[in-house]
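We did not get these values from a lab; they are worked out from the coordinates using the rules stated. What you see is a predicted model, and the numbers here were worked out from it, not measured in a lab. Cβ placement follows ideal geometry from the backbone for every residue including glycine, while neighbour counts extend to all protein chains displayed.
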Amino acid sequence: MARLCPAAGALQRDEAEIDRGAAADRGAGAAHRGGDARRPHPDPRGDSPWPAGAQGIVIEHLRAYTPFIADLHATYARITAFNTQLLRWQKVQNLVSRETPGDLWTRHILDSLQLLPLIGPNDAPLRVLDIGSGGGFPALPLAIALKSRPVSFQLIESNARKCAFLRAMAREFDLPVTVHTTRIEAVDPQTIGAVDLFTSRALAPLPLLFSYLCRFWGADSRALLHKGRENGEELKTADSAWLYDVLRLPSTTDPDGVILDIRNLRRRA
């Protein structure tokens, strides 16, 4: 997907719409909380966590995903609040690479949201398992964007401090997210249940990643895996032990990256 560079007037109109939507959300939220005005709520024109000039880009990118999200205003407000929380937590623990917090939108959030068109607009229930969840990418941005749809997420992460962040975000945004603090190898597949979609980002080489996924894999399972420039070599190595169908889709955020769409995963006999 090419970067969108709309006319300034269009962005100003979109930002005004977001302002009105956020103001309405703040009013509704205060009523829902019994009028507790002390609870902070993201204001897209106030203390924005986005770098200068980035708000319009964020809004326009989200607007491009409107076929897959129900409420642009609410999604923008939640993504903005999530970005703020991530920056706060990043000060005390390493949730994302210390080289990338200044570009959270492109490197992490938008990189996660690019899976939305691959998931599609279908309103059928979807059970997602994200392994090696780390700082919550891609699972948390997807859970925020898909909040109004019947999508549930289970996250496996062995680092207890990162799990504390994942659970805090699930509570903060009332997300259908369950966090398992354990190593992937230690998880009983019966605890997880049926999985429709697997996600994973920067966790392990494909042969090892496939060995993690296969324990939970079902006949109709599918995986959307973020991979970098070594994806071709990883696929060749995996071919010696695994059979699968794969689509290699170019990343919209990383010129060297791809999304691997994996189906029919099974070990070679």
Q) Which FRET efficiency value, to the nearest 0.05, do you get for LEU249 and SER211 by plugging their Cβ-Cβ distance into 1/(1 + (r/R0)^6) with R0 = 35 Å? A) 0.90
Q) So how far apart, in nm, are the two label points at ARG267 and ILE192 if each is 7 Å from Cα heading toward Cβ? A) 1.6 nm
Q: Quick one: what are the phi-derived ³J(HN,Hα) couplings along region 154-170, Karplus 6.51/-1.76/1.60 with θ = phi - 60°, whole Hz, x for glycine and proline?
A: 10, 10, 10, 8, 8, 7, 5, 5, 5, 5, 4, 5, 4, 5, 4, 5, 4
Q: Could you pull out every one of the lysines with an alpha carbon less than 22 Å from that of LYS236, ignoring same-chain neighbours closer than 8 positions?
A: LYS227
Q) Over region 70-267, what is the percentage of antiparallel beta bridges among all DSSP beta bridges, to the nearest 5? A) 40 percent
Q: Would you mind checking which residues have amide H under 5 Å from ARG222's amide H? H placed 1.01 Å from N; only 5 or more apart, or other chain.
A: LEU197, PHE198
